[in-house]
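Take a look at the structure set out below.
A short reminder: the numbers here are calculations on the coordinates, not readings from a lab. Not measured: the values here are computed from a predicted model. Cβ placement follows ideal geometry from the backbone for every residue including glycine, while neighbour counts extend to all protein chains displayed.
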């Protein structure tokens, strides 16, 4: 395209009143002047590039010091000239152009963004970030527990911002609606304990102690833990998903706009209902687990139910049930607070609903095992 010698730039060329050609230290210079807005036919960038003699230079300079005004035609000409010269690996530099013209050229010639390579934070930075996040979670959890304790008297006295019909429905959902699965699981757990114990104790001729094993294990540990697992998967996930859905639909924001506390209206009745029903479900489940062990003892060892119950009365005390009862209350509070906290703090999209339910179940299971381990250590240290 660029033809050497087609235009002599050693002397000033006056092809029009708008454009002239010069050289400075061997570098071709295109000088723009006049009012390009009044020109009937402005210079063609393709024609200028076709006739310009670069003399082996790798760049061309466009000078706009003599322009009368900043007309958009100048920006279009310079941009088109740069594209034409770039086809022959000749760069175009500008100087003394009006700021408006330079801005238009910059907009018309976007520079490709160079992606920055992400820098991986150091070990200390990652540890500090994780510790800060965990500290924030601990602080929010403490605030949640404190808020729940402060609002409990208001709930009992009927002054809380909640509806009793919602509380009654939550009691039905967490209690009566959970009975079938609690029944099946605890009977099977008691039967499994009874079968394993019967096989091992029969080897040593100690089958009569099967009632001790089933009764103490069910009352202190298994009934409370298995019932808590059931409620974490069935009720905890439901609470978290429901609250996360409300958060994604901006229903939580709507409650705040009308002056209603989301925690007091949504979380507090769930906490009360689950804390009330968990110990009752534990007592129900422990009774069924012992019954399941008694059935196995009768089938495998031939132990009459009356003898099983008599041995159970000698081996067990009320403290066994008290320990499981207290732990079941702690499990209920854990499940309710965890599900409400995760649900109320979920993101505002559909995927966060599933994540909230899954996260609730995982956290509750870990928390249940942790609480049970601490309780076992404490009761052992106290000799209970």
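Counted residue by residue at 0.36 nm each, then reduced by the alpha carbon distance between them, the extension gain from residue 377 to residue 250 reaches 41.3 nm.
Can you give the Rg/Rh ratio of segment 292-375, where Rg is from the C-alpha atoms and Rh is the Kirkwood radius?
Details: Rg = 20.0 Å, Rh = 16.1 Å.
Rounded to two decimals, Rg/Rh equals 1.25.
Calculated mean residue ellipticity, 222 nm, the chain: -21000 deg cm²/dmol, from DSSP H runs (n ≥ 4) at -39500 (n - 2.57) each, averaged per residue and rounded to 500.
Taking 354, 190, 56 in turn, the Gaussian network model of the chain (Cα-Cα springs below 10 Å) assigns the largest fluctuation to 56. Between residue 24 and residue 46, the simple spin-label model (points 7 angstrom out along Cα→Cβ) gives 3.0 nm. Of the beta bridges in segment 19-108, as assigned by DSSP with both residues counted there, near 40 percent are antiparallel.
Where does segment 191-338 land on the Kirkwood hydrodynamic radius, alpha-carbon pairs, in angstrom?
Values: mean 1/r = 0.0579 Å⁻¹.
With all distinct Cα pairs of segment 191-338 included, I get 17.3 Å.
Relative contact order, whole percent, for the chain stands at 16, derived from Cα pairs under 8 Å and 6 or more residues apart. In this simple spin-label model, placing a label point 7 Å from the Cα along the Cα-to-Cβ direction at both residue 204 and residue 257 gives a separation of 6.9 nm. With both labels modelled 7 Å from their Cα along Cα-to-Cβ, the residue 164 to residue 298 distance reads 4.3 nm. Taking the longest Cα principal axis of the chain as reference, the axis of helix 305-315 is set at about 80 degrees. Once you reduce segment 31-101 and segment 250-303 to the center of their Cα atoms, the two points are 80 Å from each other.
Kirkwood hydrodynamic radius (Cα pairs, Å) of the chain? Don't skip to the answer; put the middle values down first.
Working: mean 1/r = 0.0357 Å⁻¹.
Its Kirkwood hydrodynamic radius stands at 28.0 Å.
Over all pairs of different C-alpha atoms, segment 19-108 has a mean inverse distance whose reciprocal, the Kirkwood radius, equals 13.1 Å.
Note on segment 310-360 and segment 229-249: Cα centroid distance 13 Å, given to the nearest whole angstrom.
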